[in-house]
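Read the structure below first, then the notes.
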Amino acid sequence: MDIGHRLKAVRTKAALSQRELAKRSGVTNGFISQIEKNQVSPSVSSLRKVLEGIPMSLASFFTEETEMGTEVIFRASDMPDLGTHPISYRLIGHSRANRAIGMMQEILPPGADTGDDMLSHEGEECGIVIRGTVEITVGEQIHQLAAGDGYYFDSRTPHRFRNVGEQECELISANTPASF
């Protein structure tokens, strides 16, 4: 997906200038311009911050929202990857508008990190480690989790995920309200 082109289209549809979107998002209009020209690839947290100024969820940004469908099965090949290299976030139920739950399969290669900027958003999130190990920082607490371990926290608390292991880490996570 051309993130820059998509951001410009979404911003234009919302009738926002780069300057207004930047002001609403708490970033510089130069940063918005760089994203739209594909001169920078924003982190997930940076893109989420920009989209909050529209407002729009990451899922809405990466997928066209459709009417609530009757789909109950979502094949692996149909799940969009909302992550930014090298992290993969495969969203389950992406075509269902107004989802109450955001559920994803997350893949973090060794050394992958959600970024220096801690994530923070409305709601709660939880998950379970399927394989590998992950370091989760929630507020001032830092925990290492291995396969079979789980987590649950208030998503307004700044948080971060890092794969500190030597193998790929796979998580199944859910958040409500759906923020992806």
Cβ-based net charge around residue 107, under 12 Å, with every Lys or Arg adding one and every Asp or Glu removing one: -2
Per-pair calculated FRET efficiency, R0 = 35 Å: residue 141 and residue 85 via Cβ, rounded to 0.05: 0.80
Vicinal HN-Hα couplings computed from phi for the range 47-60 (Karplus, 6.51 cos²θ - 1.76 cosθ + 1.60; Hz; Gly/Pro x): 5, 4, 4, 5, 5, 4, x, 7, x, 7, 7, 4, 4, 5
The range 30-165: projected area of the alpha-carbon convex hull, averaged over directions, in nm²: 9.2
Sequence-separation-based contact order of the range 95-180, relative, with Cα cut under 8 Å and 6+ spacing, percent: 47
Length added when fully stretched, residue 122-residue 167, from 0.36 nm per residue minus Cα-Cα: 13.1 nm
Point-charge dipole on Cβ atoms (K/R +1, D/E -1) for the chain, about Cα centre, debye to 20: 740
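When only Cα pairs under 8 Å and 6 or more residues apart are kept, what is the percent relative contact order across the chain? Walk me through the numbers before you get to the answer.
Working: 368 pairs, mean separation 35.8, N = 180.
Rounded, it is 20 percent for the chain.
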Accessible area of the chain divided out per residue, in Å², using a probe of 1.4 angstrom: 53
Most fluctuating residue given options 84, 133, 12, as computed from a GNM of the chain linking Cα atoms under 10 Å: 12
Accessible area in the full protein assembly, largest first, 1.4 Å probe, for 11, 162: 162, 11
Relative contact order of the range 69-114, pairs being alpha-carbon contacts under 8 Å that are 6 or more residues apart, as %: 33
Surrounding net charge for residue 171, when Lys and Arg each add one and Asp and Glu each subtract one, Cβ distance under 15 Å: -4
Accessible surface of the range 36-180, 1.4 Å probe, proportion on carbon and sulfur as whole %: 50
Residue-count net charge about residue 138 - beta-carbon cut-off 12 Å; Lys, Arg +1, Asp, Glu -1: -3
Per-peptide average of other Cβ atoms within 10 Å, ordering 14-22, 42-50 highest first: 42-50, 14-22
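The values are calculated or read from the model by the stated rules, or taken from the named source; none is laboratory data. Everything quoted here is computed from the prediction, not taken from an experiment. Glycine also receives a Cβ, built like all others from the backbone with ideal geometry; neighbour counts cover every protein chain displayed. When the accessible area is computed, the model is the full protein with side chains, heavy atoms only, and any ligands, DNA or RNA have been set aside. Shrake-Rupley method; radii C 1.70, N 1.55, O 1.52, S 1.80 Å.
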